[in-house]
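Presented below is the structure to which this report refers.
The values are calculated or read from the model by the stated rules, or taken from the named source; none is laboratory data. Please read these numbers as outputs of a predicted model, since none were measured by experiment. Don't worry about glycine lacking a Cβ; one is built from the backbone with ideal geometry, like all the others, and counts go over all protein chains shown. SASA here: full protein model, heavy atoms, side chains in, ligands and nucleic acids out. Shrake-Rupley method; radii C 1.70, N 1.55, O 1.52, S 1.80 Å.
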Amino acid sequence: MNSNRIDNLRTLVAKIGAKQTEYHLFFPAFAYRLEKEMGTYLGAPNWRSPMLRQWRVLFGEFYRQEGGRMENGKYLIPLMFKLNNLNDLGHTTMRIRMYFTKDGDTLSAHINGGNPVVFNEADLEPLLIHTYEGLCSCLADSNWFESHPLDYQSVEIGFNAAI
């Protein structure tokens with residue numbers, strides 16, 4: 001009787017392992033595709049997220065440890081955005097955490113713990129729209145930076161040299 005319980009637990013662990021393997025095979029390439037399509041969607045086709053390049057440059061060792069891994073049954077892909085100020089030489093660097101699940105060709109993404117967006121692997125537009133709207137929402141909320149101190153580097157203010 002007890003052996004049935006342990007066999008049941010082992011079966012469940014095997015299912016989890018199979019899902020983790022699937023995620024680790026799928027999501028790294030997906031992250032690079034997402035980065036490319038996000039740049040095109042934003043109108044900056046050469047944009048590249050430092051998340052996929054140099055992890056610790058802006059957020060240190062802690063941030064590097066957060067990239068591309070399983071967390072609570074979801075795959076974490078953090079994207080970092082360096083947004084230049086149109087009025088001067090300053091910029092803001094912020095990141096968003098995207099948690100993904102996959103069921104066949106259907107994916108679900110939770111951005112920074114918000115409401116999920118469900119989309120098909122072949123069409124990332126719903127995810128791109130959701131991500132863009134999420135960025136706009138964060139930037140429009142003056143309290144967002146205070147409540148998410150680990151998700152941005154302080155705003156640098158630059159000034160035009162012209163008088």
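Can you give me the number of residues within segment 108-121 that are farther than 16 Å from Leu76 by Cα and outside any strand (DSSP E or B)?
Looking only at that region, the number is 1.
Check segment 97-110 and report whether any residue there is under 23 Å from Asn46 (Cβ atoms) and modelled with pLDDT under 90.
As a first pass, look at segment 97-110 and keep what is under 23 Å from Asn46 (Cβ atoms): 98.
Narrowing the set further to residues that are modelled with pLDDT under 90 leaves 98.
Yes - at least one qualifying residue is present in segment 97-110.
Residues are listed down the side, and each one gets a yes or a no for (1) surrounded by fewer than 12 Cβ atoms within 10 Å (Cβ to Cβ); (2) in contact (Cβ under 8 Å) with a residue 24 or more places away in the chain:
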{"position": "Val13", "(1), (2)": "yes, no"}
{"position": "Lys19", "(1), (2)": "no, yes"}
{"position": "Tyr23", "(1), (2)": "no, yes"}
{"position": "Phe26", "(1), (2)": "no, yes"}
{"position": "Phe30", "(1), (2)": "no, yes"}
{"position": "Lys36", "(1), (2)": "no, no"}
{"position": "Gly43", "(1), (2)": "yes, no"}
{"position": "Asn46", "(1), (2)": "yes, no"}
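Quick check on Arg64: is it modelled with pLDDT under 80, part of a helix (DSSP H, G or I), open to solvent by 40 Å² or more (accessible area, probe 1.4 Å) and basic (Lys, Arg)?
So Arg64 passes the test.
I need every pair where a residue in segment 110-132 that is under 13 Å from Glu37 (Cα atoms) has its Cβ under 7 Å from the Cβ of a residue that is among the acidic types (Asp, Glu) and surrounded by 14 or more Cβ atoms within 10 Å (Cβ to Cβ), sequence separation at least 6 or different chains.
That search, which allows pairs on different chains as well, returns Leu124/Glu37; Leu128/Glu37.
How many of the residues in segment 122-149 are open to solvent by 50 Å² or more (accessible area, probe 1.4 Å), part of a loop (DSSP other than H, G, I, E, B) and modelled with pLDDT of 90 or more?
Qualifying residue count for the region: 1.
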